[in-house]
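Asker: Below: one structure in structure tokens.
Computed from the coordinates by the stated procedures, all read-outs in this text should not be read as laboratory data. A quick note: this is a predicted structure, and the numbers were derived from the prediction, not measured. Every residue, glycine as well, gets a Cβ built from its backbone with ideal geometry; the counts of neighbours run over all protein chains shown.
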Amino acid sequence: MLKQLYWTYGLVVLIGMIASCRYPAPDPIDGGSDTTVPNKPDTVIIDTIPAKNPDSSLANTARFGADKIFTDINLKTSEGVFDTATDYRGKATVLDYKFVAPNNDTLQYRPFVLMVHEGAFIFGDLDNEMGMARGLAQRGYAAASINYRLGFNGASQTFACGGSSQDAVRAVYRAVQDTYAAIHYFVDRAEEFGIDTRQIMLAGSSAGAITVSALVYMNEADFEALAPGITKALGRLDPLAEDSPFRVRALLTQMGYGIFRSEYINASNAMPTVFFQRIGDNVLPYYGGTFLSCPTYPGMVGAKVASDQLKKFKIPLELNFENLEGHHLSYPEEYVVGRYAAFMKRLWSQNPRQITNNGYKTVEDVRLR
């Protein structure tokens, strides 16, 4: 009997040693953990896949910065379908993408930017992001813009505030589900698309900025607190959470920003972020307000509150604000793309900074230690 117990104990120890070798402790990056997204205990998977391009190699190349390395005719574009899903009316919806990257590139695996368009979760199209996607590809990145499920009960393009609070939250949940599906689609085909699955950036405009932030900072329990029964009604937030490991390096947001609660951002999951928003944004709050500025929808905070939270945790950020009214920005697309690229270059160059720009003027620049 005693001999049998020794054998059982030995087997348990051996299994534990094997498991620890397969899933080593992650190395910290920029003050956070090196994990897949979101960095939440109930969904996190340790990513044991090494980066195809170490940060040092991305920092010491002419690519990925301010200069355009490739002309428009040197880019290749492809398109396809990454998933199908049921919309709020129960109708099957085809979810498609457009992908752009340098053609005949000598770099086999490139940093990848996944772009999510604006439109208040009611309208909009992936083509709205393709100008910036091409601008990133000219700098050496691979980029893709996606369509996701739009619409929710009671809301229309002319009046977004006609739905219930729960229906509005469900629209965000569906968008996050679709963005997860797109990430897994490209990660599973990394060889085909030539992307580095540990150098992924999520870029979002307006509703897209809400979507990518919710993906990083919210889990099913957070959504349940806002809309009880949402998981049962719509399914898991990320059905492929146990597959296709990847790593998000930064959030790149513009034309507003929004997250339901600043407390979702904590020391373990805080993500390097670029913000572009007007102080007088009348759709998404720069400080605090409500989702889509609708009085019956859940509360939401904007770029100022989120950036203050990142400052508290000493996370690299760039806050670009305009002291103007309205939702749409005055910055040209090319300028926004340039700021995105410069931010990533600093990140890869181990030059983490917290920068605040009022229009085109830098009013704060703090080097993190």
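Asker: Suppose every K and R has +1 on its Cβ and every D and E has -1 on its Cβ; what is the size of the dipole of segment 231-350 about the Cα centre, in Debye to the nearest 20?
Answerer: Working: 13 positive and 11 negative charges, 83 e Å.
Using only the charged Cβ atoms, the result is roughly 400 debye.
Asker: To continue, here is another question. Could you name the aspartates and glutamates whose alpha carbon sits less than 16 Å from that of Lys232, not counting residues in the same chain fewer than 8 places away?
Answerer: Asp87, Asp167, Glu220, Asp222, Glu224
Asker: So what is the relative contact order for segment 124-262, in percent, with contacts set as C-alpha pairs under 8 Å and at least six apart?
Answerer: Numbers: 161 pairs, mean separation 35.0, N = 139.
Answer for segment 124-262 is 25 percent.
Asker: Let me ask something else about it. In the Gaussian network model of the chain, springs joining C-alpha atoms below 10 Å, which of Ala227, Ala209, Ala92 carries the largest mean-square fluctuation?
Answerer: Greatest mean-square fluctuation among the candidates belongs to Ala92.
Asker: Continuing with the same structure: Between Arg236 and Glu334, what FRET efficiency comes out of the Förster formula 1/(1 + (r/R0)^6) with R0 = 30 Å and r the beta carbon distance, rounded to 0.05? If you can, show how the numbers build up before the last one.
Answerer: Details: r = 39 Å, r/R0 = 1.29.
Approximately 0.20, to the nearest 0.05.
Asker: Take the chain, connect every pair of alpha-carbon atoms lying under 10 Å apart with a spring to form a Gaussian network, then pick out the residue of Asn219, Asn128, Asn74 with the largest mean-square fluctuation.
Answerer: Top of the fluctuation ranking is Asn74.
Asker: Given R₀ = 25 Å, FRET efficiency for Thr86-Asp188 by Cβ-Cβ distance, to 0.05?
Answerer: Once rounded, the FRET efficiency stands at 0.70.
Asker: What shape does segment 189-330 have by the C-alpha gyration tensor, where a ≥ b ≥ c are the square roots of the eigenvalues, rounded means a/c under 1.5, and otherwise prolate means a/b greater than b/c and oblate the rest? Don't skip to the end; give the middle numbers.
Answerer: On the way: a/c = 1.75, a/b = 1.23, b/c = 1.42.
Cα axes put segment 189-330 in the oblate bin.
Asker: Shifting gears a bit: Would you mind calculating the relative contact order of segment 2-367 from Cα pairs under 8 angstrom and at least 6 residues apart, reporting the percent as a whole number?
Answerer: 17 percent
Asker: With runs of 4+ DSSP H residues as the only contributors, calculate the mean residue ellipticity of the chain at 222 nm using -39,500 (n - 2.57) per run, divided by the residue total and rounded to the nearest 500. Please list the in-between numbers first.
Answerer: Working: 10 runs with 112 residues, N = 369.
Taking each H run of at least 4 residues, the total per residue is -9000 deg cm²/dmol.
Asker: Quick one, could you list the DSSP H helices from the chain stretching 27 Å or more along their long axis (Cα atoms) with average Kyte-Doolittle hydropathy of -1.0 or above?
Answerer: On the way: long enough: 2-22 (31 Å, 1.00); 165-188 (35 Å, -0.08).
Both cut-offs are met by 2-22, 165-188.
Asker: Another question about this same structure. Straight-line reach from Lys76: which lysines have Cα under 26 Å away, leaving out those fewer than 8 places along the same chain?
Answerer: Within reach: Lys52, Lys68, Lys98, Lys345.
Asker: Report the relative contact order of segment 212-369, percent, no decimals, based on alpha-carbon pairs under 8 angstrom and at least 6 residues apart. Before the final figure, lay out each step's value.
Answerer: Values: 280 pairs, mean separation 30.6, N = 158.
Rounded, it is 19 percent for segment 212-369.
Asker: What percent antiparallel are the DSSP beta bridges of the chain, to the nearest 5? Write out the running numbers ahead of the final one.
Answerer: Numbers: 27 of 58 bridges.
Counting DSSP beta bridges with both partners in the chain, the antiparallel share is about 45 percent.
Asker: With just the Cα atoms defining each centre, how far is segment 271-317 from segment 76-108? Give it in Å.
Answerer: 29 Å
Asker: Let me ask something else about it. Quick one: dipole size for segment 171-295, taken about the Cα centre, charges +1 on Lys/Arg Cβ and -1 on Asp/Glu Cβ, in debye to the nearest 20. Don't skip to the end; give the middle numbers.
Answerer: Numbers: 9 positive and 13 negative charges, 69 e Å.
Roughly 340 debye for segment 171-295.
Asker: Given the options Phe123, Phe159, Phe276, which has the most mean-square fluctuation in a GNM of the chain, springs set between C-alpha atoms less than 10 angstrom apart?
Answerer: Fluctuation is largest for Phe159.
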